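Just below is one structure, and these are the notes that go with it.
The values are calculated or read from the model by the stated rules, or taken from the named source; none is laboratory data. Please read these numbers as outputs of a predicted model, since none were measured by experiment. Here the Cβ is made from the backbone with ideal geometry for all residues, glycine too, and neighbour counts use every protein chain on show.
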Amino acid sequence: MKTVQDYIRTIPDFPHEGIMFRDVTTLFSDPRGFRIAIDQLLHPYAGQNIDKVVGLEARGFILGGAIAHQLGKGFVPIRKKGKLPGKTIEQAYTLEYGEAVMEVHDDALQAGEKVLLVDDLLATGGTAEAGIKLIERMGAEVVGCAFVIDLPDLGGRKKLEKMGMAVHALCAFDGE
């Protein structure tokens, strides 16, 4: 029986030499692989009090939308700056090559709502940390962070756990 990891393609030297890019598009394009991933991502949260699923741009939208549908909950996108119409709040975060900004509509979450944060990959944790800060600034509570892939050597899991977050990842790859 295939595991989620079996559906993920590795592309060497992308986007830079020495990087082993973990490509989840092969997982998404296979109906069985995609179903396995969604089922395994939402399994720890089934029956929990969750009001919304938040997905981080861009592959977190694919996963988060499917999980929200399965849980019968609403979906909220957190996007790169300048992509959302209407009033937003923003959060800067650090990348390995600089800084970026994420935004969410200022009325997307209500104080006290329980939120599941979803993305495809946990590397340094910068994007997830920015998402968590946005969610918390609106008064909502992150009940879990779910990822398909964890790159433990880059320290993202430790960063999020240090913030008090419960992290669920379906597989891990060594290195970058």
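Mind telling me which of the residues Ile89, Ile135 ends up being under 19 Å from Ile67 (Cα atoms), at pLDDT 95 or above and not aromatic (Phe, Trp, Tyr)?
Ile135
Among the residues of the range 20-45, write down those that are assigned to a helix (DSSP H, G or I) and aliphatic (A, V, I, L, M).
If the condition is that a residue be assigned to a helix (DSSP H, G or I) and aliphatic (A, V, I, L, M), then Leu27, Ile36, Ala37, Ile38, Leu41, Leu42 are the ones that fit.
Could you tell me which of the residues Val101, Val115, Val142 is crowded, with 22+ Cβ neighbours inside 10 Å and β-branched (Val, Ile, Thr)?
Exactly one of Val101, Val115, Val142 is crowded, with 22+ Cβ neighbours inside 10 Å and β-branched (Val, Ile, Thr), namely Val115.
With (1) assigned to a loop (DSSP other than H, G, I, E, B); (2) modelled with pLDDT of 95 or more as the list, and Glu17 as the residue in question, which single condition is left unmet?
Result: Glu17 fails condition (2) only.
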